[in-house]
Amino acid sequence: MYQNTPSELKFLMVDPKQVELELYSGLPYMLAPIVFESEKALKLLKRTVAEMEKRYTLLREKRVKNIVEYNAKII
């Protein structure tokens, strides 16, 4: 948040105690509402891992090691 705008940085948060992260709920950096339930948290984590794997595939296909190198190749 310090060096990034809300369009550049998004958070997904899981708060099983339902009291720790509420102060972040209104931030424009939130990609989705804070998740409190275990079942929803598991689904969120699975979707996040799927996105991570998709991005790793893109990096591998372009033969780059990180997002900076990837952006340099496609922009």
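Laboratory data are not the source of any read-out in this text; all were calculated from the coordinates shown. Small disclaimer: the values here were computed from a predicted structure and weren't measured. Neighbour counts are summed over all protein chains in view; Cβ atoms, including those assigned to glycine, are modelled from backbone coordinates with ideal geometry.
Miscellaneous remarks
- Taken across the stretch 20-28, residues that are in contact with a Leu (Cβ under 9 Å, 6 or more places away or on another chain) and surrounded by 12 or more Cβ atoms within 10 Å (Cβ to Cβ) do not occur at all.
- Counted residues, the stretch 1-25 - those being under 13 Å from Val35 (Cα atoms) and outside any helix (DSSP H, G or I): 12
- Residue satisfying condition, being in a loop (DSSP other than H, G, I, E, B) and of a type in the set (Lys, Arg), within set Lys46, Lys65, Lys54, Lys40: Lys65
- Considering the stretch 29-44, the residues that are of a type outside the set (Gly, Ala, Ser) and touching a residue at least 24 places away in the same chain (Cβ under 8 Å) include one that is surrounded by the most Cβ atoms within 10 Å (Cβ to Cβ), namely Leu44.
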